[in-house]
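Worksheet for the structure shown next.
The values are calculated or read from the model by the stated rules, or taken from the named source; none is laboratory data. Treat the numbers as computed from the prediction; the structure is a model and nothing was measured. Here Cβ is always computed from backbone atoms with ideal geometry, including for glycine, and neighbour counts include all displayed protein chains. The accessibility values were calculated without ligands, DNA or RNA, using every heavy atom of the protein model including side chains. Shrake-Rupley method; radii C 1.70, N 1.55, O 1.52, S 1.80 Å.
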Amino acid sequence: MTVEDWFRHDRLPHIFCAGCGNGSIINSTLEAVDSLNWKVDETVFVSGIGCSSRAPGYIVTDSLHTTHGRALAFATGVKMANHDLNVVVFTGDGDLSAIGGNHFIHACRRNIDLTVICMNNQIYGMTGGQGSPCTPTGALSTTTPYGMDEPAFDLCDLATAAGANFVSRWTSYHVRELTRSIKLGLQKPGLSFIEVMVQCPTNYGRRNRLRDVEAMVSKMRDHALLKEKYDRLVAERKPIPEGSFVVGTLTDRNLPALGVRR
Amino acid sequence: MTRVDFMQGNIASAEGALAAGCRFFAGYPITPSSEVAEHMARRLPKVGGRFIQMEDEIASMAAVIGGAWTGVRSMTATSGPGFSLMMENIGYAAFTETPCVVVNIQRGGPSTGQPTLAAQGDMLQCRFGSHGDYSTIALAPSSVQEMFDLTVKSFNLADRFRAPAFLMADEIIGHLRERVEFPDTVECTPPRPIREGMLPFEPEEDLVPGFTPFGHGHRVHVTGLTHNEKGYPASTDPDLHERLVMRLIEKVERARHEIADYDIENPDAEVVFISYGVPTRSVRQALLDAPEGLYGHLNLRIVWPFPENLLKKFPNARVFLVPELNMGQMAREIVRHCDQPVISLPRLGGELHTPQYLLDRAEEYR
Amino acid sequence: MRHEVKFTGFGGQGIILSAVIVGRAATMYDGKHAVQSQSYGPEARGGASSSTVIISDEPIQYPKVLEPTIYVIMSEAGFLKFGAGASPEAVMLIDSGLVQSRPECRCIEIPATMKAKDILGKPIFANIIMLGALVAATGIVSEEAMQKAVLDSVPKGTEDLNMKALRLGIEIASNGGE
């Protein structure tokens, strides 16, 4: 098998905008799945509603494209009813942390054996660029026309605090690191949460002076602070660069997990 | 060998589910249905099944649908407030043709209402509660024995029509203890598998597609978007959407006479009671207390799809009296199907119509 | 014959279990029909508790109690709420140590809680003493059926004490009560 064999070719081309990073995240995921020799017919992709959640529709496995925010609850049912299935959830920042926030923390608390890949574009892309709980303070969106006046969620902190076994953050720029991280997550019993910062030039960049894709990607690249470097800065009591966010494996532990295949 | 027990309705429903092969339950505690979840929590692990208490009823319904798609008979149980929360995902189950069972032990509403008292206030919600058009199957038990029998039947109907089926019980029957007989085996009719060469959402002659559970190589994409027979999103095609929605309604509605489950007493009577669920018990007592043959009675065990042809089984009927623990929800449906006056006899607050009350009302229409 | 039995007392006395045992005795061991129900309130313990069981030779349609013919009352509050309005034809068994009032109908006084403490060492057996008294005073279920239903329903290891309690109740009631 190759990565190509995981695609549902009669559904392509996909609906993602030019310059969107979701496609490369799907690629990384399938690369990771394929490298582990997972079987198509033992793997289920589940998603909610939003751009990210269209991903399972392009993958050839059994897949469940569900209601807004509820992907983790549906996935919990799939995994609980059949531990032998590998279950991977695609979600977005709005789907996961706003309408699905309660399911998110409970899935992490249960540490149920799912891999959750969150494409965080900091906006509601599909519905036209409304603010989400991950829209940075000050950022413009159609529902924060004067700038976001609420703080954003740190999804990785949330997942760690709630009990997930594996938590990492990368960006759509860090393709190789991301693929490796997803691979670790897929292998980890319990809940693996992988947050991927991703550009949405259409609905985020356009409103926030990041008109072209390159500007968005370089901004992500330049502000991504490696976990190791971050730890070093903290240890040396040096200042953390403003606007930066930590990338890397943030949590890796082996708490008791639910739904693990025997 | 039949096993006999003196048992509560909610427990009998859980036992019915287990007998029907239900091996996954996801739920959230809510009065007066919690005994169903508690019993499943105790029993499922002992029969190789799994129980999970979810964070709310939205998640419970979602998990049940997820479980059902692995080919495992899956169920939840709830009451009014939880039922309301389940509505979006119930629509998803209807639209994605997911066979699953929802037990609703109805209590007084709206809102938190009367958690410990009986009602039948969710009869229209179970038919129309989610957005958009669809059809559902609803059963109404009026005894502890029927809590068992009709739970089994709910699974079979859900599988046959690939649709959510609702056991619309109430607090009285849910908490009542009575003698109940458990047969050694019950009839279980699993969903029809997909035939070679058919698409996952391509209907057979009865308008129901063969089932394609996950993990069996069907590689099916299931979406709540309007989808074509392959299961792929096609949400902007007006004709396809219309055809799909009409088929989902028609596959259930066209079977309404065939699957009808009812009792008829005194078909020659001129004054006829129509009831379902616990008021049936009051009507039966009223008929015993009245002069023989004076009043007719139609008891419905399947309420949706509504078997309107049964009204014709009372050729002399001048009036239909419909006692319900709501403001006349099914009476509205009956009105649509007959020329005779339909008198709604609502009872709210948790008390049941007494037989004497029913006789007094019937006397007015003699 | 149709008997409508009302049990009342406070939470923790086994009021609900009592009605379940009677229903079980009638349906499982006496070949009769029974329906049992109870009132639910928000309180789990300590509040007022009541439950009912209807016993009949015929199938029981209407499942609610309209006019109890038999009362088993184990608290003064329960008496005031339900027992005070009993019809003159009713039969009432009261735990005489816990209920101060007396009804106008036939009343059998059973010092159940006191006897449970004194003879069996724990007040928890009081409801079973009342069940023994109920069998002796009314015969709504047979003694044998009641024994079996009690044994079905009580925790393992407590069978002997519960049988003792049942016999004690039968004895007291057979002698006309206290």
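The criterion of at least 2 residues that are within 11 Å of another protein chain (Cβ to nearest Cβ) and farther than 18 Å from C:Met146 by Cα is met, among strands (runs of 3 or more DSSP E) falling completely within segment C:14-95, by C:33-38. Restricting the first member to segment C:77-88 and to residues that are closer than 17 Å to C:Leu66 by Cβ, and the second to residues that are open to solvent by 60 Å² or more (accessible area, probe 1.4 Å), the beta-carbon pairs closer than 8 Å and six or more apart or on different chains are C:Lys81/C:Ala48; C:Ala86/C:Glu104; C:Ser87/C:Glu67; C:Pro88/C:Glu104.
Residues in segment B:18-39: is at least one open to solvent by 10 Å² or more (accessible area, probe 1.4 Å), within 14 Å of chain A (Cβ to nearest Cβ) and not charged (D, E, K, R)? Yes, the conditions are met somewhere in segment B:18-39.
Candidates are the residues of segment A:235-254 that are among the hydrophobic types (A, V, I, L, M, F, W, C) and surrounded by 12 or more Cβ atoms within 10 Å (Cβ to Cβ); the one that is nearest to A:Gln122 (Cα to Cα) is A:Phe245. A search for C-beta distances below 7 Å between a residue of segment B:98-126 that is polar (S, T, N, Q) and surrounded by fewer than 24 Cβ atoms within 10 Å (Cβ to Cβ) and any residue that is assigned to a helix (DSSP H, G or I) and at pLDDT 95 or above, counting only pairs 6+ apart in sequence or on different chains, returns B:Thr112/B:Pro81; B:Thr116/B:Glu171; B:Gln125/B:Phe83.
Screening B:Val72 with (1) open to solvent by less than 30 Å² (accessible area, probe 1.4 Å); (2) closer than 27 Å to B:Val222 by Cα; (3) aliphatic (A, V, I, L, M); (4) within 12 Å of chain A (Cβ to nearest Cβ) gives one miss only, at (1). So is B:Ala331 within 24 Å of B:Glu146 (Cβ to Cβ), among the small types (Gly, Ala, Ser) and within 14 Å of another protein chain (Cβ to nearest Cβ) or not? Against the criterion (within 24 Å of B:Glu146 (Cβ to Cβ), among the small types (Gly, Ala, Ser) and within 14 Å of another protein chain (Cβ to nearest Cβ)), B:Ala331 does not qualify. Within segment B:202-212, if we keep just the residues that are in contact with a helix residue (DSSP H, G or I) (Cβ under 8 Å, 6 or more places away or on another chain) and assigned to a loop (DSSP other than H, G, I, E, B), the residue that is most open to solvent (accessible area, probe 1.4 Å) turns out to be B:Asp206.
Residues are listed down the side, and each one gets a yes or a no for (1) closer than 22 Å to B:Pro164 by Cβ; (2) assigned by TED's automatic domain parsing to the domain that holds B:Gly350; (3) touching a strand residue (DSSP E or B) at 6+ places or on another chain (Cβ under 7 Å); (4) touching a residue at least 12 places away in the same chain (Cβ under 8 Å):
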site	(1), (2), (3), (4)
B:Leu240	no, no, no, yes
B:Ser282	no, yes, yes, yes
B:Leu300	yes, yes, yes, yes
B:Met330	yes, yes, yes, yes
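If the condition is being in a strand (DSSP E or B), of a type in the set (Phe, Trp, Tyr) and in contact with a helix residue (DSSP H, G or I) (Cβ under 6 Å, 6 or more places away or on another chain), then segment B:143-195 contributes only B:Phe166. Considered as a group, the residues in segment B:280-294 that are within 14 Å of chain C (Cβ to nearest Cβ) and not aliphatic (A, V, I, L, M) include one that is nearest to the chain's Cα centre (by Cα), and that residue is B:Thr280.
For segment C:147-155, does any single residue satisfy the condition of being more than 22 Å from C:Lys117 (Cβ to Cβ) and hydroxyl-bearing (Ser, Thr, Tyr)? Checked against the condition, which is being more than 22 Å from C:Lys117 (Cβ to Cβ) and hydroxyl-bearing (Ser, Thr, Tyr), segment C:147-155 yields no hits at all. Residues in segment B:1-13 that are part of a helix (DSSP H, G or I) and touching a residue at least 60 places away in the same chain (Cβ under 8 Å) were compared, and the one that is surrounded by the most Cβ atoms within 10 Å (Cβ to Cβ) is B:Ser13. May I ask you to list the residues in segment B:198-233 that are more than 8 Å from chain A (Cβ to nearest Cβ), over 28 Å from the mean Cα position of the chain (by Cα) and without any contact (Cβ under 8 Å) to a residue 24 or more places away in the chain? Hit for segment B:198-233 is B:Met198, nothing else. Among residues of segment A:2-40 being among the charged types (D, E, K, R) and assigned to a helix (DSSP H, G or I), the one that is nearest to the other protein chains (Cβ to nearest Cβ) is A:Arg11.
If only residues of segment A:188-234 that are assigned to a loop (DSSP other than H, G, I, E, B) and loosely packed, with under 14 Cβ neighbours inside 10 Å are counted, the one that is modelled with the highest pLDDT is A:Arg209. Do the conditions hold for B:Arg50, that is, is it away from every other protein chain (no Cβ under 12 Å) and open to solvent by 40 Å² or more (accessible area, probe 1.4 Å)? Criteria not met by B:Arg50. Of the residues making up segment B:263-282, those that are within 16 Å of B:Val303 (Cβ to Cβ) and surrounded by fewer than 20 Cβ atoms within 10 Å (Cβ to Cβ) number 2. Considered as a group, the residues in segment A:59-85 that are more than 7 Å from chain B (Cβ to nearest Cβ) and under 17 Å from the mean Cα position of the chain (by Cα) include one that is most open to solvent (accessible area, probe 1.4 Å), and that residue is A:His68.
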